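The values are calculated or read from the model by the stated rules, or taken from the named source; none is laboratory data. Bear in mind that the values here come from a model prediction, so they are computed numbers and not experimental data. As a convention, Cβ positions derive from the backbone with ideal geometry for all residues, glycine included, and neighbour counts pool all protein chains shown. When the accessible area is computed, the model is the full protein with side chains, heavy atoms only, and any ligands, DNA or RNA have been set aside. Shrake-Rupley method; radii C 1.70, N 1.55, O 1.52, S 1.80 Å.
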Amino acid sequence: TSGINFSKYDNIPVKVSGENVPKAIKNFDEAQLRAAIQTNVVKSGYKVPTPIQKVSIPVIADGRDLMACAQTGSGKTAAFLLPILSKLLDEPQEFEIGKPQAVIVSPTRELAIQIFTEARKFGYDSYLKISIVYGGTSFKHQNECITKGCHVLIATPGRLMDFVERTFITFDHTRFVVLDEADRMLDMGFSETMRKFMHHQTMCPDHQTLMFSATFPEEIQRLAGEFLNNYVFVTIGVVGG
Ligand code: ADP
Ligand code: MG
């Protein structure tokens with residue numbers, strides 16, 4: 001069920017800036033993903049990476065921060081999930097309950113569930129534990145991340161902060177923070193919540209931060225400046241402010 005029309009990408013402008021930007025990949029083999037992840041990419045029917053994936057995958061694999069702007073439907077989910085899952089397997093660190101190694105923040109429950117489904121698909125047959133928390137449902141129903149623990153936590157902003165305030169969850173083992181659909185999070189009034197999370201006292205200082213957005217308004221530029229270090233900036237297509 002691919003929503004991607006690749007032919008429309010032939011003439012799409014790709015702008016990349018930043019210091020020493022890793023070279024874009026042309027195919028998934030060049031991504032050098034862990035075998036388990038690569039197998040799941042093939043199984044999911046992805047043959048060629050989309051433009052945002054070609055640029056983002058090597059940037060994330062190389063340990064860089066990223067600000068990526070590309071329209072809805074351009075394949076942003078796999079652009080961050082594939083290198084993150086692959087790196088978590090490649091450079092394993094001690095697993096501890098209440099200490100997620102990657103946190104993906106998404107504005108709505110529906111989008112969070114989509115990311116969760118993709119993460120389970122790409123992480124299939126690996127030992128990676130993936131959990132999700134979102135509002136509008138009992139706190140207790142979704143406490144797997146603090147009972148069994150998880151490598152990857154997918155969360156909506158409000159519920160994530162509920163867990164921060166009400167449980168022992170900490171981010172000192174968090175190597176990847178993804179703010180997905182950052183512009184929508186702003187529109188929904190989550191900019192202070194994003195700030196509170198990003199400046200949380202347990203946040204490990206050397207994590208990679210990856211921001212994805214369909215548009216690039218001033219407040220997103222400000223947040224990028226605040227949250228990202230020496231980042232690679234990529235825009236695919238014409239991105240509005
Ligand atoms: P975005 O987050 O940019 O809106 P998604 O990550 O949701 O886009 O991807 C849109 C659709 O395209 C999804 O159905 C996804 O499975 C599919 N897709 C993503 N990357 C590829 C690819 N390289 N090849 C084929 N289909 C892809
Ligand atoms: Mg998306």
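For region 147-241, the Cβ-based charge dipole about the Cα centre amounts to some 300 debye (Lys, Arg positive; Asp, Glu negative; other atoms uncharged). Scalar couplings 3J(HN,Hα) for region 35-42, obtained by applying the Karplus form with A = 6.51, B = -1.76, C = 1.60 to θ = phi - 60°, are 3, 4, 5, 4, 4, 5, 5, 4 Hz; x denotes Gly and Pro. Taking the inverse of the mean reciprocal distance over all distinct Cα pairs, the Kirkwood hydrodynamic radius of region 1-91 comes to 13.6 Å. A protection proxy built from the mean count of other Cβ atoms within 10 Å ranks the segments 111-122, 17-28, most packed first, as 111-122, 17-28. Based on protein heavy atoms only, the chain ends up with 46 Å² per residue of surface accessible to a 1.4 Å probe. Each residue of region 102-113 was assigned a 3J(HN,Hα) from its phi angle through the Karplus curve 6.51 cos²θ - 1.76 cosθ + 1.60 (θ = phi - 60°); the sequence is 9, 10, 10, 9, 9, x, 10, 4, 4, 5, 4, 5 Hz, with glycine and proline shown as x. Measuring with a 1.4 angstrom probe and ignoring ligands and nucleic acids, residue 164 comes out at about 20 Å² accessible. For the pair region 66-125 and region 188-241, the centres of their Cα atoms are 16 angstrom apart.
Give me the percent relative contact order of region 102-182, please, defined on Cα pairs under 8 angstrom at least 6 residues apart.
Dividing the mean separation by the residue count of region 102-182 yields 47 percent.
With +1 on the Cβ of every Lys and Arg and -1 on the Cβ of every Asp and Glu, and nothing else charged, how large is the dipole of the chain about its Cα centre, in debye rounded to the nearest 20? Don't skip to the end; give the middle numbers.
Working: 25 positive and 26 negative charges, 116 e Å.
Dipole about the Cα centre, nearest 20: 560 debye.
Each Cα pair under 8 Å and six or more residues apart adds its sequence gap; the mean of these over the residue count of the chain is a relative contact order of 29 percent. Annotation: lysines with alpha-carbon distance below 26 angstrom to residue 99 (same-chain offsets under eight excluded): 76, 87, 121, 129, 140, 148, 196. Out of every Cα-Cα pair that the chain contains, those further apart than 25 angstrom amount to 37 percent.
D by Stokes-Einstein for region 104-211, Kirkwood Rh over Cα pairs, 37 °C, 0.692 mPa s: 233 µm²/s. Over the chain, what percent of the accessible surface lies on carbon and sulfur atoms, probe 1.4 Å? Reported share for carbon and sulfur atoms: 49 percent.
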